[in-house]
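Have a look at the structure below, then the notes.
The values are calculated or read from the model by the stated rules, or taken from the named source; none is laboratory data. All values reported here derive from a predicted model rather than from experimental measurement. Every residue, glycine as well, gets a Cβ built from its backbone with ideal geometry; the counts of neighbours run over all protein chains shown.
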Amino acid sequence: MQPQPFLPGFEPPPLPPMNGRAGHGGDPLFFAVQPDSTAAQRLFALAVSLRQDHQLKGAPSPAERLHISLRGLYVPRHRVDAAAKRLIDAARLDMPAIDIALDRAMSFNSGSGDRPLVVTGIGEELLYLQARTDWAMSDVGFANGTIGRAFKPHITLLHDRHAVPETVIEPIAWTIREVVLQHSLWGLGQHRILARWRLRG
């Protein structure tokens, strides 16, 4: 990413909060963590298995796109690089690496008939990492209109109209060693990693 420099006194005005959905005036720009390759392949295999067991129609997300969203917002595409620069400057993510294990699968109720099938688990250290991304958002004036205000760590495997009840699965574990700032180009199926923060250890 090559953000344009801003002269003192000529900075762009604050970005308006985007409370709508992706594609309604903005692209998702968000902090995320990603499973390592072994965990990603296990998650993809789980998606295929659950899809078959519950006769779902939704296509599993590719293994390389699986992630846990921490916090984000919708930004007009032409303002993404400017917003990203402000978040990169504000983020303070100097933390130890985090061990995580996801041990349940279930469908969330999105309220739109499109139910995300997710894997989830409890990770107190991950909650603290998510809070650090909250602080970065607030520091640059993005406290309102952020994506995912009620944080429940999860990875979305696929979307389907039919619900899968909560199911205990064999834990899928890995060590989170990196946080990324990701831009998803709505409608194009493209994703850009704009910044990376390496966790200690």
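Values as computed for the structure displayed
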| item | result |
| --- | --- |
| Filter result for L188 (loosely packed, with under 12 Cβ neighbours inside 10 Å and either at negative phi or touching a residue at least 24 places away in the same chain (Cβ under 8 Å) (or both)) | yes |
| Whichever residue in region 61-79 is in a strand (DSSP E or B) and within 22 Å of L129 (Cα to Cα) and, among such residues, is nearest to the chain's Cα centre (by Cα) | S69 |
| Selection from region 143-185 of residues that are closer than 20 Å to Y128 by Cα, touching a Pro at 6+ places or on another chain (Cβ under 6 Å) and at pLDDT below 95 | N144 |
| Selection status of D89, closer than 24 Å to Q190 by Cβ and surrounded by fewer than 16 Cβ atoms within 10 Å (Cβ to Cβ) | no |
| Which listed residue is surrounded by fewer than 14 Cβ atoms within 10 Å (Cβ to Cβ), in contact with an Asp or Glu (Cβ under 9 Å, 6 or more places away or on another chain) and in contact (Cβ under 8 Å) with a residue 60 or more places away in the chain, from D103, D94, D99 | D99 |
| Number of positions in region 36-58 that are in a loop (DSSP other than H, G, I, E, B) and either touching a Leu at 6+ places or on another chain (Cβ under 6 Å) or among the basic types (K, R) (or both) | 2 |
| Unmet requirement for G20, which otherwise passes all of (1) closer than 30 Å to A173 by Cβ; (2) modelled with pLDDT under 95; (3) not in a helix (DSSP H, G or I) | (1) |
| Selected residue (criterion: nearest to the chain's Cα centre (by Cα)) from residues of region 158-200 that are under 17 Å from L126 (Cβ atoms) and charged (D, E, K, R) | E178 |
| Boolean, D114 is acidic (D, E), surrounded by fewer than 14 Cβ atoms within 10 Å (Cβ to Cβ) and at pLDDT 90 or above | no |
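Conditions (1) among the hydrophobic types (A, V, I, L, M, F, W, C); (2) within 28 Å of T175 (Cβ to Cβ); (3) out of contact with any helix residue (DSSP H, G or I) (no Cβ under 8 Å at 6 or more places or on another chain), marked per residue:
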position: P60; (1), (2), (3): no, yes, no
position: V80; (1), (2), (3): yes, no, yes
position: D89; (1), (2), (3): no, yes, yes
position: N109; (1), (2), (3): no, no, yes
